[in-house]
Amino acid sequence: MTEDELFSAVIIEELIRNGHGSVATKLAKEVGFSEEDIGLKQFREVGAMVVALKNGDLNPAKNWLAASAETLGPKAKQLEYVLAKLEFLMEVQKHANDPAGVIACLHKIVPYAPDFPADFEHVMGSLVFLGQSLENTPYSDLSLKSPTKGTDASASTGCAWDHFGSAGGVSLPLLPLVSLCDTEEDATAAAGAEGDMCPMEGEASPNAFVRAAHLFGTVACAQLSLSSIDPLRTAFASGLRVLPKLHKLQRAFAWLTNYAPGNSDGTHTLPISIDLDTLAHRHNIFHCPVIKEVSTMSNPPVRLNCGHAISRDAFNSLATSERRKIKCPYCPKDTNRDQVMTLYF
């Protein structure tokens with residue numbers, strides 16, 4: 001694909017993910033893409049399941065899980081438990097004043113207790129509030145009702161965790177990736193590592209249907225080799241962090257030009273560190289800071305003894321036959337030829 005075609009593909013995917021399938025199809029035809037090229041059918045299938053699950057309809061998720069169980073491996077049992085938990089939470093609400101009915105509902109979830117003990121205990125603890133709202137309780141993540149707080153905040157900040165696309169596409173919410181952990185410490189660590197940094201006013205927690213929809217959507221996208229996170233939104237959010245620092249650096253260079261010469265080509269370069277959210281981290285390419293080129297199969301990145309990385313060609317240009325050691329371009333540590341390791345990612 002050319003750069004223009006790649007850019008068009010990103011825009012088309014953005015439209016599909018946000019439920020604008022008809023607009024995406026028209027744009028694809030103008031660019032010369034077919035529906036197969038843009039994966040419209042795949043997004044529709046995932047989108048239909050996610051929307052149904054978010055609205056409390058478990059059947060599409062059950063059908064998809066039954067068809068994909070063999071390829072999912074161990075994840076299949078986790079997803080089965082999520083659906084069983086939702087069924088239990090839905091059924092138990094009908095027996096708020098009937099202890100015998102509550103016990104009868106347990107058959108849906110008890111078989112999974114040995115595999116997910118911590119989460120099972122969490123669900124059992126929520127029965128203390130049976131017949132009451134779980135909002136503003138330690139079990140708000142098990143609520144089946146939409147949160148009453150955070151709606152305005154999500155609209156103003158652009159965090160569409162309560163918004164899903166129509167059948168024409170899928171808009172997955174930017175939520176912490178839902179996983180079943182063995183301990184509360186693991187759950188807290190996972191949420192911190194995987195979570196989106198979008199603030200939620202009043203600490204309103206997405207309900208159980210929304211969390212399950214996000215989990216199923218993420219797994220389904222992975223099965224189809226699709227990103228569960230909106231690439232364009234991720235790039236835009238990352239750019240909002242990068243551009244201010246680059247602007248400050250540009251102003252600094254403009255001031256330094258009067259006092260210090262630039263490179264041979266008249267430019268100034270200076271490495272800067274920019275912290276991005278975990279969701280924005282990608283490791284699909286390596287850009288060598290020495291020769292200013294992207295690594296390839298014939299010129300892979302290599303790790304020096306100090307931990308810094310450069311491309312193989314850059315290392316070879318620094319390591320002459322007369323020099324048994326080379327000095328890292330970024331620190332004073334030396335590296336022997338036999339200490340260099342090729343990096344794979």
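The values are calculated or read from the model by the stated rules, or taken from the named source; none is laboratory data. This structure is a prediction, so every number in the text was calculated from the model and none was measured. We place every Cβ from the backbone using ideal geometry, glycine too, and count neighbours over all the protein chains shown.
If only residues of the range 91-140 that are touching a Cys at 6+ places or on another chain (Cβ under 9 Å) and aliphatic (A, V, I, L, M) are counted, the one that is farthest from residue 77 (Cα to Cα) is 92.
For the range 49-59, enumerate the residues that are part of a helix (DSSP H, G or I) and surrounded by fewer than 18 Cβ atoms within 10 Å (Cβ to Cβ). Matches in the range 49-59: 59 only.
Here's the yes/no breakdown for (1) among the aromatic types (Phe, Trp, Tyr); (2) crowded, with 18+ Cβ neighbours inside 10 Å:
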{"site": "81", "(1), (2)": "yes, yes"}
{"site": "89", "(1), (2)": "no, yes"}
{"site": "95", "(1), (2)": "no, no"}
{"site": "99", "(1), (2)": "no, no"}
{"site": "115", "(1), (2)": "no, no"}
{"site": "118", "(1), (2)": "no, no"}
{"site": "129", "(1), (2)": "yes, no"}
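Exactly one residue out of 29, 41, 62, 85 is without any contact (Cβ under 8 Å) to a residue 12 or more places away in the chain, part of a helix (DSSP H, G or I) and in contact with a helix residue (DSSP H, G or I) (Cβ under 7 Å, 6 or more places away or on another chain), and it is 41.
For the range 211-240, residues that are crowded, with 17+ Cβ neighbours inside 10 Å and more than 14 Å from residue 47 (Cα to Cα) total 5.
Hey, among the residues in the range 9-40 that are more than 20 Å from residue 229 (Cβ to Cβ) and among the polar types (S, T, N, Q), which one's surrounded by the most Cβ atoms within 10 Å (Cβ to Cβ)? Out of the qualifying residues, it is 25. Considering the range 255-313, the residues that are of a type in the set (Asp, Glu) and out of contact with any helix residue (DSSP H, G or I) (no Cβ under 9 Å at 6 or more places or on another chain) include one that is modelled with the lowest pLDDT, namely 265.
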